[in-house]
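The next block holds one structure in the form of structure tokens; read it before the comments.
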Amino acid sequence: MDYLRGMSSSVVPAPSAVPTGAATPVAPMPAAAARTSGSGIGGTDALLVLMALIWGGNFFAVQYGAAHMDAWAFNAARMTLGLVVLVVLALATVRVPWPSRADTLRLLGCGVIGNGIYQLLFIGGVPRTRGGSASLILAASPAVLALIGWLTRTEKLTRQLLVGVACSIAGVAMVMLGDQAHPSRPGSMLGNVLVAAACLTWGVYATLLRPLAARLNGLHVTVITLIGGVVPLVALAVPSLLRTPWTTLDTGTWGAIAYAGVGAMGLAYVIYYRGLAQLGPTRTSMYGNLQPFIALLVAWQLQHDAPTVAQLLGAAGILGGIVLARRAS
């Protein structure tokens, strides 16, 4: 999620930047629409920090919600809530026509991958691993995108880009192997593998979506691809939704649903699109790099899960690879 949350400036993910389990927008703003505001720090920058805080905390919200109710029901509820928020936002703010029927069908197909299969892997992996580790693994999505771009011959893999990809992959391996022996989650390897598979799935999704995202409204792209994922996920989750004792859920669980739905997929998206309009894609995407560190701090403070040496070394490799990949793109 979103990041997704990033890629080169032609297609900007949020996270999550790093995919975060929120259906992260990947559509760019047209170059003419992005307005730079100079090098100073303003209100939009402060809001983008808030966006990174929301997305960084989303890993804890997902872990908490999945631990206190059926994970399938939790995921279906928060994604449906997020979809409602984004549909209302699109209807209220977007004035351009919606995509054609052909483009809509293509977007729905992409959504099955990026918001369907990805979410299955994400919701299966994050509760089984450490929130900080999950965020670091997903932070490697730019390296995955660069590698897929090279394999599909849509991006040239220069020596600097190759080094960046190698650093990010080595960082992911460090995080995954280092977590295996951690006393707080000794069985976290399965969770890390699922999250890594989610990262790969996101890379495929973003690559397929790139031609559409380059010419369509970003919020329209986000809403339609989210529908493509939500419909099958809710259909699969119907038994879990019917079994869930909704009237007895505690305040914390409802708060996790609201946070992951309204916060991570609603409020944060509003801020994201404001950032694209006011600051442009490059400066906006840089705030996504804060998410893994925020997730580490949240896990440390709320779960008493202090960062390990493996996580810190992995973070250095992953984020160092991102810097190299962006400079080479």
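The values are calculated or read from the model by the stated rules, or taken from the named source; none is laboratory data. Because the structure is a prediction, the values reported are computed rather than measured. Neighbour counts run over all protein chains shown; Cβ positions are idealised from the backbone, glycine included. Quick note on the areas: whole protein, heavy atoms, side chains included, nothing else; ligands and nucleic acids left out. Shrake-Rupley method; radii C 1.70, N 1.55, O 1.52, S 1.80 Å.
Values computed for the structure shown
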read-out: Yes/no for A206 being farther than 20 Å from V126 by Cα and surrounded by 19 or more Cβ atoms within 10 Å (Cβ to Cβ); value: yes
read-out: So I169, is it surrounded by fewer than 24 Cβ atoms within 10 Å (Cβ to Cβ), of a type in the set (A, V, I, L, M, F, W, C), within 20 Å of the chain's Cα centre (by Cα) and at pLDDT below 80; value: yes
read-out: Pairs with Cβ under 8 Å, 6+ apart, first in the stretch 204-219 and in a helix (DSSP H, G or I) and among the charged types (D, E, K, R), second buried (at least 18 other Cβ atoms within 10 Å of the Cβ) and modelled with pLDDT under 90; value: R210/V11; R210/V26
read-out: Evaluation of T308 against (1) at pLDDT 70 or above; (2) in contact with an Asp or Glu (Cβ under 9 Å, 6 or more places away or on another chain); (3) within 20 Å of M51 (Cβ to Cβ) (one fails), failing number; value: (3)
read-out: Residue satisfying condition, being surrounded by fewer than 23 Cβ atoms within 10 Å (Cβ to Cβ) and out of contact with any His (no Cβ under 6 Å at 6 or more places or on another chain), within set A71, A61, A77; value: A71
read-out: Residues that are in a helix (DSSP H, G or I) and open to solvent by 40 Å² or more (accessible area, probe 1.4 Å), drawn from the stretch 128-158; value: R128, L147, W150, L151
read-out: Criterion violated by W98 - all others in (1) modelled with pLDDT of 90 or more; (2) in a loop (DSSP other than H, G, I, E, B); (3) within 20 Å of Y287 (Cβ to Cβ) satisfied; value: (3)
